[in-house]
1. Scan the stretch 43-133 for GluC sites (Glu not before Pro) in coil per DSSP, keeping those whose Cβ has at most 13 other Cβ atoms within 10 Å, and list them by number.
2. What percent does the relative contact order of the stretch 2-132 come to when contacts are Cα pairs within less than 8 Å and at least six residues apart?
3. Ignoring everything except DSSP H segments at least 4 long, calculate the 222 nm mean residue ellipticity for the chain; use -39,500 (n - 2.57) per segment, divide by total residues, nearest 500.
4. Which of 58, 49, 108 ends up with the largest GNM mean-square fluctuation for the chain, with Cα atoms connected below 10 Å?
5. Rank 67, 61 by accessible area, highest first, at a 1.4 Å probe radius?
6. First compute the accessible area of the stretch 2-132 with a 1.4 Å probe, then give the percent of it belonging to carbon and sulfur atoms.
7. From the backbone phi of the stretch 120-125, what are the Karplus-calculated ³J(HN,Hα) couplings (6.51 cos²θ - 1.76 cosθ + 1.60, θ = phi - 60°) in whole Hz, Gly and Pro given as x?
8. When ligands, DNA and RNA are left out and all protein chains stay put, how many square angstrom of accessible area per residue does the stretch 2-133 have with a 1.4 Å probe?
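The values are calculated or read from the model by the stated rules, or taken from the named source; none is laboratory data. All values derive from a computational prediction rather than experimental measurement. We place every Cβ from the backbone using ideal geometry, glycine too, and count neighbours over all the protein chains shown. Quick note on the areas: whole protein, heavy atoms, side chains included, nothing else; ligands and nucleic acids left out. Shrake-Rupley method; radii C 1.70, N 1.55, O 1.52, S 1.80 Å.
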Amino acid sequence: MKERTLAIIKPDAVRKRVIGKIIQRIEDEGLEILEMKMVHLTKEEARQFYYIHKEKAFYDSLTDFMSSGRVVALLLEGEKAISHWREVMGSTDPAEAKPGTIRRLYGFSVERNAVHGSDSPETAEYEIKFFFG
Ligand code: DAT
Ligand code: MG
């Protein structure tokens, strides 16, 4: 079943100049890019995007980081796109992510982990609307 998911190339990966490598990987994986844009989120926008984590200890630090520079948001489509993209990203903590995953390759820490991916159809819907209306 074709699904849509929201991917983000986070500020650490933009600063590291690996946007191209990550987009190449998306295309090599057979995921189709339907929309794409570069934006610098405000702190308030980052807080809205990650509202699901608002009670977490890392919420303030995470939203500071996500509003610290430009990000690239991508609307992806493909068979089981949500789980496919999460497999390609790897575990949240780059140190635990499998070799060859994007977080293992380009992530720096559990917070600065290079990329985001929606984790369910419900969050995908919210996150796609957030960036692409
Ligand atoms: P994921 O991005 O793998 O879906 P998540 O939804 O649990 O992970 O958390 C969202 C982001 O918050 C994650 O990409 C990085 C940050 N984060 C998660 N756990 C953290 C922690 N223990 N310390 C600092 N940042 C954390
Ligand atoms: Mg998540």
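1. The qualifying sites are 55, 96.
2. Working: 228 pairs, mean separation 49.3, N = 131.
Across the stretch 2-132, relative contact order equals 38 percent.
3. Roughly -11500 deg cm²/dmol at 222 nm, from the helical runs in the chain.
4. Among 58, 49, 108, the largest mean-square fluctuation in the Gaussian network model of the chain belongs to 58.
5. Listed by decreasing accessible area, they come as 61, 67.
6. C and S atoms contribute 50 percent here.
7. 6, x, 5, 5, 4, 4
8. About 54 Å² of surface per residue is accessible.
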